[in-house]
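The values are calculated or read from the model by the stated rules, or taken from the named source; none is laboratory data. Computed from a prediction, not measured in an experiment: that's the story for all the values here. Cβ placement follows ideal geometry from the backbone for every residue including glycine, while neighbour counts extend to all protein chains displayed. Each accessible area value is taken on the protein alone, full model and side chains, heavy atoms only, with ligands, DNA and RNA left out. Shrake-Rupley method; radii C 1.70, N 1.55, O 1.52, S 1.80 Å.
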Amino acid sequence: MTTTTSTPVVAHTREELKAAREALTSRDVAVVMTMGALHDGHAQLIRAARQRHDHVVVTIFLNPLQFGPKEDLSRYPRTFDADMEICREAGVDVIFAPTPDVVYPDGDPGVRVSAGPLGEVLEGASRAGHFDGVLTVVGKLLHLTAARSAYFGQKDAQQLLLIRRMVRDLDFPVDIVSVPTVREADGLAMSSRNTYLTASDREVALCLSRALRAGAEAAPFGPSAVRRAAREVLVEEPLALVDYLVLVHPQTLADVPEWYRGEALLAVAARIGTTRLIDNTPVVVGPGGGAVDVFSDVPHARADV
Ligand code: AMP
């Protein structure tokens with residue numbers, strides 16, 4: 001493995017990406033896909049990829065296809081210079097930062113990847129077409145970067161599951177690796193959208209991670225104990241408008257029944273002020289159970305730095 005700390009090559013066009021890609025000395029290339037406004041969660045993905053591969057490509061692309069008409073595309077933070085510095089420090093070789101007309105030269109694509117039923121629940125229930133938009137751009141960026149591995153955060157658990165499904169169902173020649181959620185010291189899951197929060201919103205937002213922790217602590221006592229413990233925390237915070245709080249099977253996203261024992265996903269979404277936040281924790285339900293960073297049966301990586 002080589003170590004790079006020089007300034008990454010920035011490619012804006014397909015031609016520039018191809019040239020930058022061809023200049024890499026090894027074919028062992030990993031990609032980290034982002035929408036920019038990078039924080040330490042993104043940096044951990046990059047570091048985890050950096051530790052295991054010769055080269056890392058980061059994509060920075062605000063994908064209009066995955067934003068609904070009433071969502072925050074226009075106000076989404078754009079911080080390219082700071083992003084570039086984070087990429088440089090984390091050892092990125094190439095940044096691909098295209099505009100929508102580069103990714104979608106013919107306008108909105110008529111042909112898209114369909115996320116299917118798993119894309120219609122949880123996040124998909126309130127964000128119609130969101131996951132079709134995500135999978136379509138992930139598919140395109142996998143082709144364009146020709147990466148052998150792609151790193152995604154457990155923070156976006158449903159997205160991660162759907163990307164794994166797409167790669168499996170459509171035989172993409174790439175390994176999908178997940179990285180545990182990176183949190184602030186007080187438990188708040190890092191997110192580019194946290195910059196929307198006022199100081200008081202941010203206090204309110206802590207109820208999400210608190211609820212997940214409470215739920216996970218109740219894991220030895222079964223699914224309803226998990227749900228009840230998490231719900232009790234959320235009802236204490238009326239300023240968090242909860243969209244969903246669920247304990248679901250990690251592969252089917254179906255609510256786990258009361259007899260269920262084993263790995264499950266405890267996930268929450270809530271609107272706080274003007275901001276919609278999501279968070280989750282993998283848990284093991286049953287005797288000796290509790291929170292875990294990642295699910296055991298899928299490839300995952302931590303950055304050791
Ligand atoms: P985004 O820029 O929000 O689309 O995120 C790009 C990638 O970073 C996705 O794979 C996310 O799951 C991942 N990511 C975002 N926030 C975190 C976090 N707090 N911890 C770990 N990964 C994250």
Using a Förster distance of 22 Å, the FRET efficiency for Glu203-Ser74 (Cβ separation, nearest 0.05): 0.25
Computed magnitude of the charge dipole of the chain (debye, nearest 20; Cβ of K, R +1, Cβ of D, E -1): 200 debye
Proximal lysines to Lys18, defined as alpha-carbon separation beneath 17 angstrom and excluding residues fewer than eight positions away on the same chain: Lys140
Using alpha carbon positions and the Kirkwood radius, the Rg to Rh ratio of region 7-54 is 0.98
Among 285-296, 114-125, how do they line up by average Cβ neighbours within 10 Å per residue, starting with the highest? 114-125, 285-296
Determine how large the accessible area of His39 is when every protein chain is in place; take a 1.4 Å probe and give Å² rounded to the nearest 10. 40 Å²
What is the distance in Å between the Cα centroid of region 255-305 and that of region 126-150? 23 Å
Could you put Val298, Val134 in order of accessible surface area, largest first, with the 1.4 Å probe and the full protein assembly present? Val298, Val134
Taking only the alpha-carbon positions of region 74-215 and ignoring solvent, what does the Debye formula give for the base-10 log of I(q)/I(0) at q = 0.16, 0.22 Å⁻¹? -1.16, -1.57
Could you check how much of the accessible area of the chain is carbon and sulfur, as a whole percent, using a 1.4 Å probe? 54 percent
If DNA, RNA and ligands are ignored and the probe is 1.4 Å, what is the ranking of Lys140, Lys155 by accessible area, most exposed first? Lys140, Lys155
Quick one: of the DSSP bridges fully inside the chain, what percent are antiparallel, nearest 5? 50 percent
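Using square roots of five times the C-alpha gyration tensor eigenvalues, list the equivalent-ellipsoid semi-axes of region 186-261 in whole Å, biggest first.
25, 14, 10
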In deg cm²/dmol, rounded to the nearest 500, the helical mean residue ellipticity at 222 nm of the chain, built from -39500 (n - 2.57) for every DSSP H run of length 4 or more, is -10000 deg cm²/dmol
Output ordering of 42-49, 247-254, 217-224, 275-282 (per-residue mean of other Cβ within 10 Å, highest first) is 42-49, 275-282, 217-224, 247-254
In what sequence, highest mean first, do 226-232, 168-174, 63-69, 23-29 appear when ranked by Cβ atoms within 10 angstrom? 226-232, 63-69, 23-29, 168-174
So what is the diffusion coefficient of the chain in µm² per second by Stokes-Einstein at 37 °C and 0.692 mPa s, using a Kirkwood Rh over Cα pairs? 165 µm²/s
For helix 40-52, what angle does its Cα long axis make with the longest principal axis of the chain, in degrees from 0 to 90 and rounded to 10? 60 degrees
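Going from the alpha-carbon gyration tensor of region 53-137, what semi-axes, largest first and in whole Å, does one get by taking the root of 5 times each eigenvalue?
Ellipsoid semi-axes (Å, largest first): 27, 15, 14.
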Specify the inter-centroid distance of region 214-244 and region 168-198, based on alpha-carbon positions, in whole Å. 22 Å
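Defining a contact as two alpha carbons under 8 Å apart and six or more residues distant in sequence, what relative contact order in percent does region 149-207 show?
33 percent
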Solvent-free Debye scattering, log10 I(q)/I(0), computed from the Cα coordinates of region 157-305 at q = 0.09, 0.10, 0.17, 0.21 Å⁻¹: -0.29, -0.36, -1.00, -1.33
The chain accessible area per residue, 1.4 Å probe, protein heavy atoms, integer Å², reads 45 Å²
